[in-house]
Amino acid sequence: MSLLTIEGIHKEFADKVLFDDVTMTIHPGNRIGIIGVNGSGKSTFMKIIAGDETADRGTMQHPNDYRIRYLTQTVEFAPNQTILDALFTSDTPSVLALKAYERARQQLEADPASEQRLERFMKAQQAVDAADAWETEAKLKSILNRLGLPDVTADVSSLSGGQQKRVALAAALLDEADLLLLDEPTNELDADTIAWLETVLADYRGAILLITHDRYFLNRVTNHILEIADGTSYFYDGNYELFLEKRAERKARAQSMEQKRQNILRRELAWLRRGAKARTTKQKARIQRVEDLKHQESLAEDEALDVSVGSRRLGKKVIEVEDLSFQYEATPIIREFNWLFGRRERYGIVGPNGSGKTTLMNLLAKRLEPTSGSIVHGETVHIGYYGQQVEFEDLSRRVIDEIERIAQVIHTPDGESITASQMLERFLFTPDAQYKPIAKLSGGEKRRLVLMRILMDEPNVLFLDEPTNDLDTETLSVLEDYLESFPGTVIAVSHDRYFLDRIAGRLIAFEDGAINVYHAEYSDYLASLEETKVQAKKEPKEKKERVKTDVVKFTFKEQKEWETIEDDIASLESAIETAEARLADAGSDLGKVNEIYAEISTLKEALDSKMERWEYLSEIDEQIEAQKR
């Protein structure tokens, strides 16, 4: 069964065709990644599928009960909206029942003596039972815990941009629509959360269509790739790795066909130049064939970002940090950090969200004053700072004018002098695009323009704060190549594992309030953290084994308790079931409901206590059995 059938979708803006004749079918279980350079129409295509934009022509067909959920790059919430309201925006029975249940529970906790609130809570609980929504509630708690979201009664407007993005992601995952659309879902997520999201999406029951710059994430999540390039679309079976192989094969075939066309054209032109006369039908047909070959659309060369710009000479002394400390109000962020940054070194700053990574970068770049300690730059240091925010003085200014403000002629490392317009073409801005106002550019194109503006100033120390956000995979690949050969020093904050693996030889890691420096790849560092977590879970058992006596045995009282504890647990569980059945039969008798509700609470506390005791006794029993072996 298909979820969505797309036929002949065409979209253009002004005189630019974004994509033409896109035809594809989406089935349950499909995980489709959309690939294309910034400005090629990836987000526009997703908006058309979501119904937020219309295609110029083409059709989309889907079942009547088909449901779709769209997570955009930038999220917006209604004023005075709580996290709970933002999470429960779906109209499915399970989500509606849970929303009413959570509200009733909060109200009852605020006033436990209210019979009216207790009655409302009981009805909400019954509605959750009827909708079979307890599994959804467990999923909600897991998502909230993993995404690190605060209490659901908080106002969404009080959250940071990153936390708001997490609320929107949680709501999208909770909805479990037939088709989930994700536009850059990993932005502002740390490595642990991205790894968790990979596992969640692997188990998602519907289909997924996503845009992401995170190539490891793309490779692990997808099983199909849709490439949009030069107004044409290509559909590939397989993940990102297979896509790269198949695209290379497609390009090789296209180049081979173009070479054959050129060879035929040369031979036919040579025949014409020898003086063939158009006397016969056969000769006329051959002449027409030459004309057709000449006018046949040739293979367009792939656009590739060219960032070959110069940089200034960098001396031996780059950045020297001594006893650097910084605190925000009364909260320490950085404590006594010392390091000497050298030439041609590549650093990745990593750690949980909110740990102080961007703060450290701003301190190192002298955009922020330290609370104590010193930061000394070498005399030849010339900084290029690529931040998370895209900033322009005047969005109505044309692209070409923005660049010519920096330089009208640029010098490349090989001594070539090129104009600002030629440089813009190297950064994939066509002559027409160069005369657009900046406001008309896509988010990714604006980021590319900012990058170009920074590199044209020929820095020798580059600070990059989340540089992979909003840049397409091809641009990132070329940027990584450039950074590998960059003669200066690079310091980057990023959660992108692929990017850091390629460009960073050292890691500055925020760990439990301390800053440590490692000479390691990011993937190896993450693997070592995971191994440490696994060892930490084993640690308590190992400690118990070290302090235990030579012979482990039950006391007389423990032995008697162990013999009967499982029967005691079964009796308590049975009593709870009986009480819950009586509660359901109590109807509107609030006095009886209160009495049974209190009885159930007491029984559950007793059961919890018995279960804790069972765990303790069972551990002793295991040690006794181990001694026997």
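Points to keep in mind about this one:
- Exposure rule at most 12 other beta-carbon atoms within 10 Å, DSSP loop GluC sites (Glu not before Pro): the chain longest free segment: 77-296
- Label sites at D432 and I600, each approximated as a point 7 angstrom past Cα along Cα to Cβ, lie 6.6 nm apart.
- Take every Cα pair under 8 Å whose residues are at least 6 apart in sequence, average their separation, divide by the length of the stretch 344-474, and the relative contact order is 34 percent.
- Heavy-atom accessible area, probed at 1.4 angstrom with all protein chains present, ranks T153, T222 as T153, T222, highest first.
- Using a Förster distance of 41 Å, the FRET efficiency for K260-S485 (Cβ separation, nearest 0.05): 0.70
- Fraction of accessible area attributable to carbon and sulfur, the chain (%, probe 1.4 Å): 47
- For the chain, the relative contact order works out to 13 percent when only alpha carbon pairs closer than 8 Å and six or more residues apart are counted.
- Taking chymotrypsin sites (Phe, Trp or Tyr not before Pro) across the stretch 1-72, the ones in a DSSP loop with at most 16 further Cβ atoms lying within 10 angstrom of their Cβ are Y66.
- Per-residue surface analysis assigns K357 an accessible area of about 20 Å², computed on protein heavy atoms at 1.4 Å probe radius.
- Cα centroid separation - the stretch 115-131 against the stretch 440-493, whole Å: 55
- Counting only DSSP H runs of at least 4 residues, each contributing -39500 (n - 2.57), and dividing by the residue count of the chain, the helix-based mean residue ellipticity at 222 nm comes to -15500 deg cm²/dmol.
- Karplus-based coupling profile of the stretch 488-497, in residue order and whole Hz: x, 9, 10, 10, 10, 9, 6, 9, 6, 5, with θ = phi - 60° in 6.51 cos²θ - 1.76 cosθ + 1.60 and x standing for Gly or Pro.
- Rounded to the nearest 10 degrees, the inclination of helix 590-628 to the longest alpha-carbon principal axis of the chain is 80 degrees.
- Solvent-accessible heavy-atom area per residue, rounded to whole Å², over the stretch 160-235 at 1.4 Å: 26
- Dipole magnitude of the chain about its Cα centre (Cβ charges: Lys, Arg +1; Asp, Glu -1), debye to nearest 20: 3580
- Furthest towards positive pole of dipole, Q73, A433, Q623, structure part the chain, Cβ charges: A433
- Rg and Dmax [Cα atoms of the chain; Å; Rg one decimal, Dmax integer]: 31.8, 118
- Among residues other than R312 with Cβ under 15 Å from its Cβ, the summed charge is +2 (Lys and Arg +1, Asp and Glu -1).
- Accessible surface, the stretch 561-605, averaged per residue in Å² (probe 1.4 Å): 62
- Restraint check, K357/K436; K139/K533; K141/K446; K141/K533; K141/K592; K99/K357, Cα-Cα greater than 27 Å: K357/K436; K141/K446; K141/K592; K99/K357
- Dipole-positive endmost among Y236, G356, P370 within the chain (Cβ charges, Cα centre): Y236
- The residue among V318, A330, P93 whose Cα reaches farthest toward the positive pole of the charge dipole of the chain, with charges on the beta-carbon of Lys, Arg, Asp and Glu, is V318.
- Spin-label pair N223-Q106: with each label point 7 Å from Cα along the Cα-Cβ axis, the two points sit 3.9 nm from one another.
- For the stretch 330-346, 3J(HN,Hα) per residue [Karplus equation, 6.51 cos²θ - 1.76 cosθ + 1.60, θ = phi - 60°, Hz, x = Gly/Pro]: 9, 9, x, 10, 10, 10, 6, 8, 10, 6, 10, 8, x, 5, 6, 8, 10
- Alpha-carbon Rg with Dmax, taken over the stretch 173-215, Å: 10.3, 27
- Across every pair of non-identical alpha carbons in the stretch 57-152, the mean reciprocal distance, once inverted, gives a Kirkwood radius of 15.6 Å.
- Accessible area per residue in Å² at 1.4 Å probe, computed on the stretch 375-469: 43
- Greater than 23 Å apart at Cα, pairs in K47/K165; K123/K610; K42/K251; K560/K610; K16/K42: K123/K610
The values are calculated or read from the model by the stated rules, or taken from the named source; none is laboratory data. As the structure is a computational prediction, the values presented were derived from the model and not from experiment. Neighbour counts are summed over all protein chains in view; Cβ atoms, including those assigned to glycine, are modelled from backbone coordinates with ideal geometry. Protein only, heavy atoms only, side chains kept; ligands, DNA and RNA dropped before computing areas. Shrake-Rupley method; radii C 1.70, N 1.55, O 1.52, S 1.80 Å.
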